[in-house]
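A.B. asks: Just passing along the structure, written as structure tokens.
The values are calculated or read from the model by the stated rules, or taken from the named source; none is laboratory data. Keep in mind that this is a model prediction, so the values were computed, not measured. Because the Cβ atoms are built from the backbone with ideal geometry, glycine has one as well, and the counts that use them run over all protein chains shown. SASA here: full protein model, heavy atoms, side chains in, ligands and nucleic acids out. Shrake-Rupley method; radii C 1.70, N 1.55, O 1.52, S 1.80 Å.
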Amino acid sequence: GNSVTQMEGPVTLSEEAFLTINCTYTATGYPSLFWYVQYPGEGLQLLLKATKADDKGSNKGFEATYRKETTSFHLEKGSVQVSDSAVYFCALSRASGGSYIPTFGRGTSLIVHP
Amino acid sequence: GAVVSQHPSRVICKSGTSVKIECRSLDFQATTMFWYRQFPKQSLMLMATSNEGSKATYEQGVEKDKFLINHASLTLSTLTVTSAHPEDSSFYICSAPGQTDTQYFGPGTRLTVL
């Protein structure tokens, strides 16, 4: 079946540090890949997505590239801010019966200190 | 963007009672909705897929008779936790896919069973 594995947290960084959160996946076919973010006290929201191999998703300074050869979708940001502190979920989506079924990783907590 | 609401946001109930949680897509129709349980260390567990006009599909290990799901219309799915016990206390989240494969999440419901 499909699965998503992402690095354990928490990840603790100082402001302006470089961020990488690793994510690998197992899936049949060609799923879309996502990063969702959950800020403290809020619901999950889409951060970025990529729908096919070699696509790069980007938003708010975050980037992730769909690597089919390594089945990875690592999240990166060149300079993190305190406001980026949140839980980040890597996910994939597969089409099934006219809808899209999501599979999520366990989430990685990011803590950014001033 | 698409908006999903959940009601109530918090509920406290006595052990043995039943609690109903509503999930509504406010500005789009959703033939499918998803219910998750989020555990203390942020892990997100897909519980079931709610299908409008047919039975829900439950993930392995999720008790169908315990967590009743009804997808009454194209904008409303309900999760009823029957005969709730303290171990059912958790954060319950719903999502619905928009016109693409992106999931739109409700803000979640905090259930506390005394």
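A.B. asks: Report yes if some residue within segment B:94-108 is open to solvent by 30 Å² or more (accessible area, probe 1.4 Å), in contact (Cβ under 8 Å) with a residue 60 or more places away in the chain, within 10 Å of another protein chain (Cβ to nearest Cβ) and assigned to a loop (DSSP other than H, G, I, E, B); otherwise report no.
C.D. replies: Yes: segment B:94-108 contains one or more residues that are open to solvent by 30 Å² or more (accessible area, probe 1.4 Å), in contact (Cβ under 8 Å) with a residue 60 or more places away in the chain, within 10 Å of another protein chain (Cβ to nearest Cβ) and assigned to a loop (DSSP other than H, G, I, E, B).
A.B. asks: Being open to solvent by less than 20 Å² (accessible area, probe 1.4 Å), over 13 Å from residue A:36 (Cα atoms) and modelled with pLDDT under 95 narrows it down to one of A:99, A:72, so name that one. Working first, answer last.
C.D. replies: Details: A:72 fails: modelled with pLDDT under 95.
Of the residues listed, the single one that is open to solvent by less than 20 Å² (accessible area, probe 1.4 Å), over 13 Å from residue A:36 (Cα atoms) and modelled with pLDDT under 95 is A:99.
A.B. asks: Okay, next question. Which of the residues spanning segment A:25-37 are out of contact with any Asp or Glu (no Cβ under 6 Å at 6 or more places or on another chain), more than 14 Å from residue A:107 (Cα to Cα) and within 12 Å of chain B (Cβ to nearest Cβ)?
C.D. replies: As a first pass, look at segment A:25-37 and keep what is out of contact with any Asp or Glu (no Cβ under 6 Å at 6 or more places or on another chain): A:25-31, A:33-37.
From what's left, more than 14 Å from residue A:107 (Cα to Cα): A:26-31, A:33.
Answer for segment A:25-37, where residues must be out of contact with any Asp or Glu (no Cβ under 6 Å at 6 or more places or on another chain), more than 14 Å from residue A:107 (Cα to Cα) and within 12 Å of chain B (Cβ to nearest Cβ): A:30, A:31, A:33.
A.B. asks: For a quick check of your reading: which strands (runs of 3 or more DSSP E) sit entirely within segment B:1-54 and have at least 1 residues that are away from chain A (no Cβ under 13 Å) and in contact with a Phe, Trp or Tyr (Cβ under 7 Å, 6 or more places away or on another chain)?
C.D. replies: Numbers: elements: B:4-7, B:10-13, B:19-25, B:32-38, B:44-51.
Correct list: B:19-25.
A.B. asks: Kindly check whether there is at least one residue in segment A:75-90 that is over 16 Å from the mean Cα position of the chain (by Cα), at pLDDT 95 or above and part of a loop (DSSP other than H, G, I, E, B).
C.D. replies: Keep residues of segment A:75-90 that are over 16 Å from the mean Cα position of the chain (by Cα), which gives A:79, A:81-83.
From what is left, the residues that are at pLDDT 95 or above are A:79, A:81-83.
Then drop every residue that is not part of a loop (DSSP other than H, G, I, E, B), which leaves A:79, A:81.
Yes, there is a match, as at least one residue in segment A:75-90 is over 16 Å from the mean Cα position of the chain (by Cα), at pLDDT 95 or above and part of a loop (DSSP other than H, G, I, E, B).
A.B. asks: So, of the residues in segment B:66-93 that are open to solvent by less than 10 Å² (accessible area, probe 1.4 Å) and within 14 Å of another protein chain (Cβ to nearest Cβ), which turns out to be farthest from the chain's Cα centre (by Cα)?
C.D. replies: The selected residue is B:77.
A.B. asks: So, one more: Output the number of the condition that residue A:109 fails; it satisfies all remaining conditions of (1) of a type in the set (Ser, Thr, Tyr); (2) away from every other protein chain (no Cβ under 12 Å); (3) in a strand (DSSP E or B).
C.D. replies: In the conditions (1) of a type in the set (Ser, Thr, Tyr); (2) away from every other protein chain (no Cβ under 12 Å); (3) in a strand (DSSP E or B), residue A:109 misses (2) alone.
A.B. asks: Looking at residue B:62 and the list (1) assigned to a loop (DSSP other than H, G, I, E, B); (2) open to solvent by less than 70 Å² (accessible area, probe 1.4 Å); (3) touching a Ser or Thr at 6+ places or on another chain (Cβ under 8 Å), which single condition is not satisfied?
C.D. replies: (3)
A.B. asks: Give me the pairs, please: first residue somewhere in segment A:48-64 and at positive phi, second residue anywhere and among the β-branched types (Val, Ile, Thr) and open to solvent by 10 Å² or more (accessible area, probe 1.4 Å), beta-carbon distance under 8 Å, and either six or more positions apart or on two chains.
C.D. replies: Qualifying pairs under 8 Å: A:54/A:65.
A.B. asks: If I filter segment A:38-61 for residues that are within 11 Å of chain B (Cβ to nearest Cβ), surrounded by 14 or more Cβ atoms within 10 Å (Cβ to Cβ) and among the β-branched types (Val, Ile, Thr), do I get at least one hit?
C.D. replies: yes
A.B. asks: Something else: For segment A:1-37, enumerate the residues that are open to solvent by 60 Å² or more (accessible area, probe 1.4 Å) and part of a strand (DSSP E or B).
C.D. replies: A:5, A:12, A:14, A:26
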